[in-house]
Amino acid sequence: MTEELAGNELSTASLVQREAQGLREQFQKLYGAEARIFRAPGRVNLIGEHTDYNEGFVMPVAMDLYTWVAAAPRGDARVHVYSQNFGERAEMDLQDLHLRLRRHWSAYVLGVAASLRMCGAEIGGANLLLEGKVPMGAGLSSSASVEVAAGYALLESSGLSRSPVELAKICQRAENEFAGARCGIMDQMIACCGRTNYALILDCRTLEFRLLPLFADAQFVVCNSMVKHDHAAGEYNARRADCETATRILAEQMPGVRALRDVSLGDLERYAQLLPEAVYRRSRHVISENARVEDARGALERGDPESFGRLLRESHRSLKEDYEVSCMELDLLVEIACGISGVYGSRMTGGGFGGCTISLVRSGAVGEFRSAVAQGYERATGRKPDIYMVRASDGVREALE
Ligand code: GLA
């Protein structure tokens, strides 16, 4: 183990303890009781964007940024939650699952409690204290980390358990039904199943996944554009609808087709004239992106960052031109990154219209990368980008003393 790595692990361990202790004390003040502490990570997706809801492939990594939840059971059937981030409380009765929560932070907690009950997990009442350290609106999946941390805490406080895959599905259902976002399953799966030092390659149809070790001598680095454009949620749903249109039209020609996952580029070309032009380009992105995930797996396994970097650049071009989910700030970050020596490739990551980019950088060039991106982006936009090194972390767990 290198000295740098050992240092990182030590500081992570003491950070975890400090975080957990602070939350425990806060819980004691709020509810007058002892709490257990749980945490679930945010994520960054290396490649495979807008493929999850097309039953395709994704390659996310759990990051060492967490949502923390302190929890203890209550004697009744109510869930009470206090959010440190919003300085607000919310509550629900577990006998009444008709929640009206859309667009409120509590949807991601109380929606999960309702979803657990709806899926047959007879959780009891609980007091919760929530503290999110995953930046919100940055495309690092703060919402899935809240859902998964809360879901796990509610199960554990009731002496129940569910497999990581079941918990991911329950949390996705909560987001779809109570938060009103038609997200796929990627974010909840990685928050449940992430592993230190590994990326996951996930088949979003079967939910089978494999762990892939990251590069030994190249680093993934996340740059936050610090913008999130308002139309992001509406455009996300519109892209899903385009993919559904494509699937419906193509399935009439090819009866085995259930999702764009089942269509090859050759099939798409054959029936191109049946699709509206934009729907054709959306499909071309999804189909080519699935192939890039498979190629990226090969590049990781061979230890070939050059090929991986080329795939990142191709993915960005496809997301920008065919899927049309990028924006000026993301394009600029990618352009700056790709002009720095020692950078293999870069692309937008997550849903798009703001949020973050992911870049693959030779380990020795990371210092230069950080300062060149920060300067270039600030000069052009007036905004200072947050920059995070990707340290792959574990999925949801209890933070033990
Ligand atoms: C958001 C969604 C995910 C996925 C990505 C795009 O993060 O929550 O399910 O669709 O966008 O890849």
Query raised in the report: Does the stretch 206-221 include one or more residues that are crowded, with 20+ Cβ neighbours inside 10 Å, within 14 Å of the ligand (Cβ to nearest atom) and hydrophobic (A, V, I, L, M, F, W, C)?
Result: no
Query raised in the report: In the stretch 47-143, which strands (runs of 3 or more DSSP E) lie fully inside it and hold 1 or more residues that are closer than 29 Å to VAL222 by Cα and small (Gly, Ala, Ser)?
Result: 60-73, 78-83, 126-132
**Report entry** Enumeration of residues in the stretch 222-239 that are touching a Gly at 6+ places or on another chain (Cβ under 9 Å) and open to solvent by 20 Å² or more (accessible area, probe 1.4 Å)
**Finding:** MET226, LYS228, HIS229, ALA233, GLU235, TYR236
**Report entry** Condition met for ARG162 (away from the ligand (no atom under 13 Å from the Cβ), surrounded by fewer than 24 Cβ atoms within 10 Å (Cβ to Cβ) and not aliphatic (A, V, I, L, M))
**Finding:** yes
Query raised in the report: Taking strands (runs of 3 or more DSSP E) that do not extend beyond the stretch 327-401, which have at least 1 residues that are in contact with a His (Cβ under 7 Å, 6 or more places away or on another chain) and crowded, with 18+ Cβ neighbours inside 10 Å?
Result: 343-349, 354-362
Query - Residue match in the stretch 5-15 (condition: of a type in the set (A, V, I, L, M, F, W, C) and touching a strand residue (DSSP E or B) at 6+ places or on another chain (Cβ under 8 Å)) - result: no
Query raised in the report: For residues in the stretch 172-187 being part of a helix (DSSP H, G or I) and within 30 Å of GLY303 (Cβ to Cβ), which is most open to solvent (accessible area, probe 1.4 Å)?
Result: ASP187
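So, in the stretch 198-247, how many residues would count as being under 30 Å from GLY342 (Cα atoms) and part of a strand (DSSP E or B)?
20
The values are calculated or read from the model by the stated rules, or taken from the named source; none is laboratory data. Treat the numbers as computed from the prediction; the structure is a model and nothing was measured. When we count neighbours, we look across all protein chains shown, and the Cβ atoms used for this are built from the backbone with ideal geometry, even at glycine. Heavy atoms of the whole protein, side chains included, go into the accessibility calculation; ligands, DNA and RNA do not. Shrake-Rupley method; radii C 1.70, N 1.55, O 1.52, S 1.80 Å.
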